[in-house]
């Protein structure tokens, strides 16, 4: 038999109790497209966001930049529904210029330098200075790199080192190509190297030839979940996200 609470005061007490003890549930659904640089921190943080907000999130991956069909920009141009993008700042600037981002919603999340890794157990090359790093590049048969990092290597770094011909060594691949032995070295943001099985992290490339990548988040223009999307961006930028960002190999971007 079901007993109803008839006393108004008792009903009020019950209502307050439920409000204080049950989680706030939004029942929203967000669609995120992101690149690899922020992925480790994101994967650690996302369960807490979903638990505390009741907002479920589906995630699609893609490079921040490049000419391939799976870049974040290419996916948006094909009409893939999305509410939030998380990507390299340079790639985000391209989307801003193309009108793909809701005005005033872009926020920097983290900064990360470029690093170098080799296959687990392989000799680690000296990259302590520019000359040593240059020699390591010369000696490599194949160098894995992709998205913004590969663009930097091919268009800026190798020409600066007088090694334009070495651009042919750059394979559009990630760290798993080194783990499998397909490439000798991989140069990518540190956050894409530290937690990959089968590779050993050598270190960051020399400061004189370093590029610090900034990873940012923004709400996609036309999103039907504007408020929920803003909540996710704010959560990823909050002080509580800083420890996970640090563990991933990045540092939280300073507030503007």
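The values are calculated or read from the model by the stated rules, or taken from the named source; none is laboratory data. Predicted, not measured: the structure shown is a model, and the values here were computed from it. Backbone-built Cβ (ideal geometry, glycine too); neighbour counts: all protein chains shown.
Tabulated results
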read-out: Qualifying residue in region 187-194 (condition: part of a loop (DSSP other than H, G, I, E, B) and under 20 Å from the mean Cα position of the chain (by Cα)); value: yes
read-out: Index of the failed condition, residue 70 passing every other in (1) under 18 Å from residue 172 (Cα atoms); (2) in contact (Cβ under 8 Å) with a residue 12 or more places away in the chain; value: (2)
read-out: Residue 144 vs. criteria surrounded by 14 or more Cβ atoms within 10 Å (Cβ to Cβ), touching a helix residue (DSSP H, G or I) at 6+ places or on another chain (Cβ under 7 Å), part of a helix (DSSP H, G or I) and not assigned by TED's automatic domain parsing to the domain that holds residue 94; value: no
read-out: Residue list for region 229-256, restricted to those being buried (at least 23 other Cβ atoms within 10 Å of the Cβ) and farther than 13 Å from residue 42 by Cβ; value: 229
read-out: Unique match (being in contact with a helix residue (DSSP H, G or I) (Cβ under 6 Å, 6 or more places away or on another chain) and either outside the structural domain of residue 57 (by TED's automatic domain parsing) or in contact (Cβ under 8 Å) with a residue 12 or more places away in the chain (or both)) among 177, 217; value: 217
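Conditions (1) more than 25 Å from residue 172 (Cα to Cα); (2) exposed (fewer than 14 other Cβ atoms within 10 Å of the Cβ), marked per residue:
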site: 53; (1), (2): yes, no
site: 62; (1), (2): no, no
site: 65; (1), (2): no, no
site: 75; (1), (2): no, no
site: 78; (1), (2): no, yes
